[in-house]
Every structure is written in C-alpha cells, then in structure tokens.
Amino acid sequence: MIIDHVTVGAFQENCYLVSDPGTGGAVLVDPGAEPEAILEMVERAGVTLEAIWLTHAHIDHIGGIAGVKAKWNVPVLMHHADQPIYARGAEVSAMYGLPFDQPPAVDREIVDGEELTLGRFTFTVMHVPGHSPGHVLFIGEGNVLGGDLLFAGSIGRTDMPYCDPVAMERSLERAMTLDDSLVVHPGHGPSTTIGDERASNPFLNGTARPVKR
Ligand SMILES: [Zn+2]
Ligand SMILES: [Zn+2]
C-alpha cells in the first residue's frame, strides 16, 4: 500500500492518496482545498480513483471535493452525524472570508465498525466523535487516517460549533486502545505513531489532561 499526500489550503490540511499498487485503485482522504494540486497528485501516481473518504466535514477537509468530482465522479463516504457541518460548508467559509466550492451531497454514509475495501486491503471505520459529531478514523494495513482526532504532540479542538469535549475524552481513550505500532496520518502536521503519542503527547500521557490507565 502507498500513502501519498499533499498539504492544501489556508488551514494547511493534509489530503491523502491511499493506493494499492497491485490493482491501481486508490481513494482520496479529505480533499480539503486546492483541487488542482490534488488532481495532479492523483495523475502523477497513475492510479484510478475509486472513492473519497471523509474523516469529518470541517471546511478544511471538504473544500476540494467539488473540484475532484468534476473530474472523476467517485462516491463520497462520510458518517451521517457530520451532515449538518457538511451542509454549512459554504456558509462557514464565508464567515472566514475564504473561497469555497460547496461539494455535492454525500453518496454513502459509513458507520462504526464498517469495513471498507481498497484493492487487496481492508480498512475499518472507527467512530471517534468529539472534534466533530461524525468524526471517524480509517484503520488498515498498519495505518490510521486520523483526521483531526490527534496530531503529533496535540489533539483536535473541541471549542467550535458541534464539538463535544466529553465525547472527545471517550474517543481519545478509544484511540489509545489501538496498537502502538500503528502509523497515524493526521489532518494537519507530520505523521506519527500511536506509541509515540501515548508516550509523549501531553494530552495522551497524563501531562495536560488526566488519562485512564
Ligand atoms: Zn476539523
Ligand atoms: Zn482540519
């Protein structure tokens, strides 16, 4: 499996291209902005795009969808609980004064525990609400497409509309049940591992917030 990425937009969001070199199939995770740069990444990889998977619906993760779908009309998959955020994308972007193409409706809703296939590989959907109500992780082949649940040295914000700090606590505890060896590819900043974050992330090792052990 190959995981490529491009960092896009005002919020420096990581859009990932996950592909199976055996079949040539690929999915985009969180095409957040700058669709031209995302299309270029897909074309350079020489893969066939099969779907768009969304960790959540904040504007910095969905702003490139319209541009991608104008070229390849692949299905968009998302947890239903982020629909209100998805629907308000253009409105929220206007508040930030940012250009934004409202994406077409989500094609398929995904749920906790669901298995998604990409070529020869299987990813499991884990619902981790808190940063947003429908936030999910995609876990497979030793990798986690992590969105804004946790970052190298930090965690996602819980002070915005639709955030739920109590749910976030539970979701972080659930993420800490994952194996240390898993590589996390977050929505912002560099990749890390569950083990590194368990050891050194102040929000996960007991320094900045209490954790259950
Ligand atoms: Zn977010
Ligand atoms: Zn984000």
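Around ILE139, what is the net charge, scoring Lys/Arg as +1 and Asp/Glu as -1 over all other residues with Cβ under 12 Å from its Cβ? Once positives and negatives cancel, what remains is -4. For the range 90-157, the residue among ILE139, VAL106, PHE151 whose Cα projects farthest onto the positive side of the dipole built from Cβ charges is PHE151.
Cβ neighbours within 10 Å, averaged per peptide: list 154-164, 79-89 in order, most packed at the top.
The densest-packed peptide leads the list: 79-89, 154-164.
Working ranking of peptides 187-200, 25-38 by packing, defined as the average number of other Cβ atoms within 10 Å per residue, highest first, is 25-38, 187-200. Each residue in THR23, THR177 was given a count of other beta-carbon atoms within 10 angstrom of its own, and listing them fewest first yields THR177, THR23. Taking only the C-alpha atoms of the range 40-91, Rg followed by Dmax gives 11.9, 35 Å. Each helix, a run of at least 4 DSSP H residues, gives -39500 (n - 2.57); summed and divided by the residues of the chain, these come to -6500 deg cm²/dmol at 222 nm. Looking at the chain, the pairs of alpha carbons with a distance over 21 Å make up 50% of the total. Each residue of the range 65-181 gets 127 Å³ once the volume of the Cα convex hull is shared out per residue.
A Förster distance of 25 Å, applied to the separation of the beta-carbon atoms of VAL166 and VAL111, puts the FRET efficiency at 0.75.
Taken together, the values in this text are just the output of simple stated rules run on the coordinates, not laboratory data. For clarity, every value in this text was computed on a predicted model and none was experimentally measured. Neighbour counts run over all protein chains shown; Cβ positions are idealised from the backbone, glycine included.
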